[in-house]
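A quick write-up on the structure given underneath.
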Amino acid sequence: FNKKVTYGLCSSDYMHSLLNQMHEIYSPVFFNNTSWPESVRNDFAAQLHKFMASLTDTAYKMEGKTVLYIPEETSSIAPEMCAKNKELVSRLETSVIHWTRQIKEVLSAQDALEMSENSGPLEEIEFWRSRCTDLSGISKQLDKEGVMKIKEILTLSKSSYIGPFSKLAKQIQRNTAQAQSNLKFLSTLKEPCEELSGAEPAVIPPMLTKILNCIRIIWTNSDHYHSRERLTALLRKFSNEIINRCCTKISLEDIFTGKVEHSTEGLNQSISCCEAWKNA
């Protein structure tokens, strides 16, 4: 039984447990096996790489990370020899295609935030913090030896996929620098934004001067936010937050149950708050 059946324990983190088993046990066993016919071996290797790429992507995406699966099939073979193996080159191209899709998903995430109409300034700060971490992680992965070797092999084989991927890698570097810059400037808004997120409408007007001064600093010094469109989008997020704070003060239930004095006070405070923001 022990010789025929592989068994063991699986932790609660089942995706990473499966990934570790595949990476440390099953993949090395297969790639070190030379007894299979070449056609069967090539087909199985292609399917194994696809599975490992999807498994790696899924396991880390659950943690909010983007991790590239790097095939180790070429680790002990010279790039010049790898470039002459058409089946191997095809498998590496499939990996590059998967990397390209992963990177494009990360880059398109910014458009999703900009299209969100109800997000506030704290969501903006958190988005750029998460994006900075993700892009920096991808940038470091692109500099790994395994990735550099695959790029070298595909360059030697004159693959049509290496050009677009290299352009995408440069875009990652530019976007990483942009995310780091945005996070640096937006961090000046974190403290006033946290105060704003828990404030009553009556105490918001005195906060506006500090908030607007921080926004002016960002607009003056930041390359990314130094445009009318970006500045308008940032101010809109503050408008959303102020509206949300006013909504918490207005109770339709109190209005309809006849609590006129309390409801009137809340409405007047909210009107004064919104007018102060409009005229700031």
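Table for the structure above
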quantity: Selected residue [touching a residue at least 60 places away in the same chain (Cβ under 8 Å) and open to solvent by 70 Å² or more (accessible area, probe 1.4 Å)] from E38, E72; calculated: E72
quantity: Test for T257: is it farther than 24 Å from W277 by Cα, surrounded by 17 or more Cβ atoms within 10 Å (Cβ to Cβ), of a type outside the set (F, W, Y) and out of contact with any Phe, Trp or Tyr (no Cβ under 9 Å at 6 or more places or on another chain); calculated: no
quantity: Residue within the stretch 101-118 that is under 11 Å from the mean Cα position of the chain (by Cα), hydroxyl-bearing (S, T, Y) and either buried (at least 20 other Cβ atoms within 10 Å of the Cβ) or in a helix (DSSP H, G or I) (or both) present; calculated: yes
quantity: Pairs, first farther than 13 Å from K65 by Cα and touching a residue at least 40 places away in the same chain (Cβ under 8 Å) in the stretch 119-144, second acidic (D, E) and surrounded by 16 or more Cβ atoms within 10 Å (Cβ to Cβ), C-beta under 9 Å, six or more apart; calculated: G120/E241; P121/E241; L122/E241
quantity: Test: E38 is within 29 Å of the chain's Cα centre (by Cα) and modelled with pLDDT under 90; calculated: no
quantity: Residues being assigned to a helix (DSSP H, G or I) and in contact with a Cys (Cβ under 7 Å, 6 or more places away or on another chain) - total across the stretch 203-233; calculated: 1
quantity: Any hit, the stretch 12-32, residues being surrounded by 10 or more Cβ atoms within 10 Å (Cβ to Cβ) and over 32 Å from the mean Cα position of the chain (by Cα); calculated: yes
quantity: Test: residue in the stretch 234-241 that is closer than 29 Å to T176 by Cα and not in a helix (DSSP H, G or I); calculated: no
quantity: Qualifying residue in the stretch 205-224 (condition: at pLDDT below 90 and either open to solvent by 20 Å² or more (accessible area, probe 1.4 Å) or touching a helix residue (DSSP H, G or I) at 6+ places or on another chain (Cβ under 9 Å) (or both)); calculated: yes
quantity: When residues of the stretch 155-180 are limited to those that are of a type in the set (S, T, N, Q) and assigned to a helix (DSSP H, G or I), the one least open to solvent (accessible area, probe 1.4 Å); calculated: T176
quantity: Members of the stretch 12-55 found to be over 24 Å from I70 (Cβ atoms) and outside any helix (DSSP H, G or I), listed by number; calculated: S12, S35, P37
quantity: Any hit, the stretch 83-91, residues being part of a loop (DSSP other than H, G, I, E, B), at pLDDT below 95 and surrounded by fewer than 18 Cβ atoms within 10 Å (Cβ to Cβ); calculated: yes
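The values are calculated or read from the model by the stated rules, or taken from the named source; none is laboratory data. Quantities reported herein were computed from a predicted structural model and do not represent experimental measurements. With ideal geometry, Cβ positions are generated from the backbone for all residues, glycine too; neighbour counts draw on all protein chains shown. These area figures cover heavy atoms from the full protein model, side chains too; ligands, DNA and RNA do not enter into them. Shrake-Rupley method; radii C 1.70, N 1.55, O 1.52, S 1.80 Å.
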